[in-house]
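Novice: Could you have a look at this structure, given as structure tokens, before my questions?
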Amino acid sequence: MIRTILARVRQGYRTTEYPKGPPPVLPERFRGRPAVDASKCPDGCRECAAACPTGAIDVSAGVRIDLGKCLFCTECETACPEKAIHYTGDHRLAARKREDLILGAEEMQLAEELSGRLRTLLGRSLNLRVVSAGGCNACEADTNVLTTVGWDIGRFGIRYVASPRHADGLLLTGPVTENMREALRKTYDAVPDPKIVIAVGACAISGGPYIDHPEQQNGAASCVPVDLFIPGCPPHPLTILDGLLRLIGRLRRRRRP
Amino acid sequence: MTSGPFADLRNSEAIPTARVPVLPIDAFRRAVIDATSGGWRVSSLFGVPESDRSLRLFAILAHDEHGNLSVGAAKVRESYESLTPDCPEVHWFEREIAEQWGVEPRGHPRLKPIRYQPPRAGERWERPPSAMTDFFRVEGEEVHEVAVGPVHAGVIEPGHFRFQCFGEEVLHLEIALGYQHRGVERALVGGPHKRTIHYMETLAGDTTVGHAHAYGQAVEAIARIAVPPRGMAIRGIGLELERIANHIGDLGAMAGDVGFLPTASYCGRIRGDILNLTAVICGSRFGRGLIRPGGAAFDLSDDLLRKLLAGVESGARDLAIADRLFWGSASVMARIEGVGVVPMDVCEEIGLVGPAARACGVDRDVRKDHPFGIYRYTHIPTCTWSAGDVFGRAHIRSIEIQRSFSFIREQLEALPIGDVRAECSEPLAPNRIAVSLVEGWRGEICHAAVTGEDGRFVSYKIVDPSFHNWFGLAYALRGQQISDFPLCNKSFNLSYCGHDL
């Protein structure tokens, strides 16, 4: 017993102070939200779009990057002859509407909090059933890591629960495989109303690397209505936390980090 | 040591496909069966469709003691005599071949799809339409059936488990997978193309480095490219960090399943710290972007080397505390000893790999037996345990974490100088077959790439270690309490998507 207590003392207090304090420092090479300086783009150049493995880049009217498809692999950054694209260290990527993930010249519209009755019901207690429907276990792992002592999302009243009947909504990962479509639908139906759906990762938003494979559905929105999109491949735990906290209104009136 | 009529090759070697002997199916069958009773095991068995509508079967055999691989082929049409009755370790491969190509292994004791991909046109065997049908059943007045999944209670991937129980005792467990099938292998044909590396990195996201490493090796073998030593070392560091992070996660999960929360809680956090070290190297906690054909995509500055060393030191220190608590707790030991046993002879017979095999006393580790990359220059001692139980699988992980920490320290302190990546140009050499083995954290990863006339893949076969090991989990549950399933499951911690592809 005494050894257990001593070990506890030596492990110390490890929960991040964020959002009260600053967010944890991300590594130098972390690839967050991409930034495009379209003024550098020569006419007719489409090197970035050609290099992108998932077709996330549209150059028909200035460079527009669809964060919902982006794998953050930086092939576009490497391909760009003018260095017009670079990946910043900004971890904030979550949006409420699919079209808000398409990044152009204007400032990105980050996720707004739930409104009305949902805000009252879920703002202080959000129980989520996590469903992997073709996820590769990376999004799952970084969703799960938020429950460890380092992040402790229990602080915000967010819990992952074992049954859809105990849940306020679903957190989905994976492109929704053909073989999981029915199970996902049944799980969704088992969640009592009102309910929300959160799509985590490029696969769950658009199919990710598996876009247009006949074995999958190009993401969650093909089967269920989605209330929050959290891009990344996989999103960093801080990105997922940022999305969840924005949704329940815990990041209001905060300075930009 | 040769395997009879097959062609010999080494790990990460490519040979012209024409050098692979094509035997009559009876001779092929005999050769595989004789070889497996003479010290060889089956790393991969797969079909490649031919232009004349036949199927060419390829068998890749490995002899761990001699560090040899061998490959042979046979042509089949609608059916052939199943190898499984005489060579049980291929049972899953034959089910896969039947499902993928509609070729029936006659006399297979349990012919069922493994992924439930759509049937091919003109297929002969009448397969069950979904995973949730046609389970092996035990009949009896007090026998009951328990169905779990595909959606599980935890944050994990989907799969279905069907238990036949007598009271608490599990008489039989059948595992039905396929829910994660995304069409990876189908999409790899015609590559390499710009999505290929991303399929590799996401086909089993917790083994990003392992599969990217195996892919890199396969391409480098066909293109005859030598990876610079510094690149090899960085790849090795990435691979061992992946092993450490996952093993720590598993130790924590096993602690959690026996209700020992201190270790469960510490390991959850320490695992994250290790993932962060991978992100120091390449920006991604899972090693996305770290490995590209030709070498590593990121170099390490002296400053980053120092950061990594410091991170490894503190990770190892923190883990030692959590690890000691776990092994020093009598209540934990009582819960993991003698639970979920796979005897050594069964392990050999069904062809387990990785920590699951080493826990049964089978000294099998690609890093030692078929050295690749950096492991050709530096050796990590392997460890085995004889009991084949949850204790053994936890013990192996605990020791391997320490050894991987030492390896990383060694590499960081004396990283070779020079480039990290060699130029890798396409297209690849035509009409080659390359076999690439890597010891991932779950065990042997086997990639077999076959190029056609144009240097593009006509087939790219992936065998994740989970493919060999899922049946081991089903076996381990026999005669166990059903309440020990979560614990046994965590002690294997297999990949669903790596299996379903």
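Read-outs: derived from the displayed coordinates by stated rules, not from any lab. Keep in mind that what you see is a predicted model, and the values were worked out from it rather than measured. Glycine gets a Cβ as well: all are built from the backbone with ideal geometry, and neighbour counts include every protein chain shown.
Novice: So what's the gap between the Cα centers of segment A:59-91 and segment B:364-437, to the nearest angstrom?
Specialist: If you average the Cα positions of each part, the centres end up 34 Å apart.
Novice: Output the relative contact order of segment B:184-500, whole-number percent, from Cα pairs under 8 angstrom with separation of 6+ residues.
Specialist: Averaging sequence separation for qualifying contacts and normalising by length gives 26 percent for segment B:184-500.
Novice: Quick one: of the DSSP bridges fully inside segment B:380-494, what percent are antiparallel, nearest 5?
Specialist: 100
Novice: What are the semi-axes of the equivalent ellipsoid of segment B:121-249, taken as the square roots of 5 times the eigenvalues of the Cα gyration tensor, listed largest first and rounded to whole Å?
Specialist: Details: eigenvalues 314, 96, 28 Å².
After scaling each eigenvalue by five and taking roots: 40, 22, 12 Å.
Novice: Assigning unit charges at the beta carbon (Lys, Arg +1; Asp, Glu -1) and nothing else, what dipole magnitude in debye, to the nearest 20, does segment B:224-361 show about its Cα centre?
Specialist: Numbers: 15 positive and 15 negative charges, 108 e Å.
In total the dipole reaches around 520 debye.
Novice: Could you give each residue of segment B:249-262 its phi-based ³J(HN,Hα) in whole Hz, using Karplus coefficients 6.51, -1.76, 1.60 with θ = phi - 60°, and x for Gly or Pro?
Specialist: x, 5, 4, x, 5, 5, 4, x, 6, 9, x, 9, 6, x
Novice: Neighbouring Cβ atoms within 10 Å as the yardstick, rank B:S265, B:S79, B:S51 fewest first.
Specialist: Listing B:S265, B:S79, B:S51 from fewest to most nearby Cβ atoms yields B:S51, B:S79, B:S265.
Novice: Turning to a different aspect of this structure: Checking the table B:K194/B:K490; A:K83/B:K461; A:K69/B:K461; B:K194/B:K461 against a 30 Å threshold on Cα-Cα, which pairs fail?
Specialist: B:K194/B:K490; A:K83/B:K461
Novice: For segment A:5-70, just say rounded, prolate or oblate: build the C-alpha gyration tensor, square-root its eigenvalues into a ≥ b ≥ c, call rounded for a/c under 1.5, and beyond that prolate if a/b exceeds b/c, oblate if not.
Specialist: Prolate.
Novice: Okay, moving on. For segment B:7-106, what is the convex hull volume of its Cα atoms per residue in Å³?
Specialist: Taking only Cα atoms, segment B:7-106 has a hull volume of 94 Å³ per residue.
Novice: Which of A:F30, B:L300, B:I399 sits closest to the plus end of the dipole of the protein assembly as shown, meaning its Cα is farthest towards the positive end, when Lys and Arg get +1 and Asp and Glu get -1 on the C-beta?
Specialist: So the residue we want is A:F30.
Novice: While we're looking at this one, here's another question. Can you tell me the dipole magnitude for chain A around its Cα centre, using point charges on the Cβ only (Lys, Arg +1; Asp, Glu -1), in Debye to the nearest 20?
Specialist: The calculation lands at about 1540 debye.
Novice: Would you mind classifying segment A:177-226 by shape? Square roots of the alpha carbon gyration tensor eigenvalues, ordered a ≥ b ≥ c; an a/c under 1.5 is rounded, otherwise it is prolate if a/b is larger than b/c and oblate if not.
Specialist: oblate
Novice: Give the average, rounded to an integer, of partner chain Cβ atoms located within 10 angstrom of each Cβ in B:278-284.
Specialist: Details: counts 1, 7, 4, 2, 4, 12, 11.
Per residue, the number of nearby Cβ atoms from other chains is 6 on average.
Novice: Continuing with the same structure: In deg cm²/dmol and to the nearest 500, what is the mean residue ellipticity at 222 nm of chain B if only DSSP H runs of at least 4 residues count, each as -39500 (n - 2.57), divided by the residue total?
Specialist: Dividing the helical sum by the residues of chain B leaves -12500 deg cm²/dmol.
Novice: Over all alpha-carbon pairs of the protein assembly as shown, lay out the pair-distance distribution in 10 Å bins, whole %, shortest bin first.
Specialist: Answer for the protein assembly as shown: a P(r) of 3, 14, 25, 28, 20, 8, 2, 0 percent.
Novice: Let me ask you something else. Do any cysteines in chain A lack another Cys Cβ under 4.7 Å, and if so which?
Specialist: Lacking a cysteine Cβ partner under 4.7 Å: A:C41, A:C45, A:C52, A:C70, A:C73, A:C80, A:C136, A:C139, A:C203, A:C223, A:C233.
Novice: Provide the three semi-axes, in whole Å and in decreasing order, of the ellipsoid equivalent to segment B:320-389 as defined by the square roots of 5 times the Cα gyration tensor eigenvalues.
Specialist: With the √(5λ) rule applied to segment B:320-389, the semi-axes are 26, 19, 7 Å.
Novice: Next up: Quick check: net charge around B:G392, other residues with Cβ under 11 Å of its Cβ, Lys/Arg +1 and Asp/Glu -1?
Specialist: +1
Novice: A follow-up question, please. Using θ = phi - 60° and the Karplus relation 6.51 cos²θ - 1.76 cosθ + 1.60, list the HN-Hα couplings for segment B:203-215 in order, rounded to whole Hz, with x at every Gly or Pro.
Specialist: 5, 8, x, 7, 10, 3, 5, x, 6, 5, 4, 5, 5
Novice: A further question follows. Would you tell me the mean number of C-beta atoms belonging to other protein chains that fall within 10 Å of each C-beta in A:10-16, as a whole number?
Specialist: Counting Cβ atoms of other protein chains within 10 Å of each residue's Cβ and averaging gives 3.
Novice: Could you compute the net charge surrounding B:L61? Neighbours are other residues with a C-beta less than 12 Å from the C-beta of B:L61; K and R count +1, D and E count -1.
Specialist: That sum, taken over residues with Cβ under 12 Å, equals -3.
Novice: Largest first and to the nearest Å, give the Cα extent of segment A:116-247 along each principal axis.
Specialist: Here the Cα extents, ordered largest to smallest, are 40, 31, 25 Å.
Novice: Can you work out the FRET efficiency for the pair B:D52 and B:V148, with r the C-beta to C-beta distance and R0 = 56 Å, to the nearest 0.05?
Specialist: Rounded to the nearest 0.05, the efficiency is 0.80.
Novice: When the expected Rg is taken as 2.2 N^0.38 Å, what fraction or multiple of it is the alpha-carbon Rg of segment A:134-182?
Specialist: 1.30
Novice: Further, regarding this structure: Quick one: B:V353, A:V25, B:V146, fewest Cβ neighbours within 10 Å first, how do they rank? Intermediate values should be presented prior to the final figure.
Specialist: Details: B:V353 30, A:V25 9, B:V146 13.
Lowest to highest Cβ neighbour count: A:V25, B:V146, B:V353.
Novice: With +1 assigned to the C-beta of every Lys and Arg and -1 to the C-beta of every Asp and Glu, and no other charges, what is the dipole magnitude of the protein assembly as shown about the Cα centre in debye, to the nearest 20?
Specialist: Here the size comes out at about 2180 debye.
Novice: With a 10 Å Cβ neighbour count serving as the proxy for reagent exposure, in which order, fewest first, do B:W470, B:W101 appear?
Specialist: Final ranking by Cβ density, sparse to dense: B:W101, B:W470.
Novice: Which of the cysteines in chain B are isolated, no other cysteine C-beta under 4.7 Å?
Specialist: Cysteines of chain B left without a disulfide-compatible partner: B:C87, B:C165, B:C267, B:C282, B:C383, B:C424, B:C446, B:C488, B:C497.
Novice: Let me ask something additional. For peptide B:152-162, what's the mean number of Cβ atoms from other chains within 10 Å of each residue's Cβ?
Specialist: 6
Novice: Same structure again: Starting from the amide H of B:R421, placed 1.01 Å from N in the peptide plane, find each other amide H under 5 Å away whose residue is 5 or more places distant or on another chain.
Specialist: Amide H neighbours of B:R421, under 5 Å, 5+ apart: B:A296.
Novice: With viscosity set to 0.890 mPa s and temperature to 25 °C, compute the Stokes-Einstein D of segment B:184-500, Rh being the Kirkwood radius across alpha carbon pairs; µm²/s, no decimals.
Specialist: The estimated diffusion coefficient comes to 124 µm²/s.
Novice: Grab the other residues whose beta carbon is less than 13 angstrom from that of B:L171, score K and R as +1, D and E as -1, and report the net.
Specialist: Here the count lands on -3.
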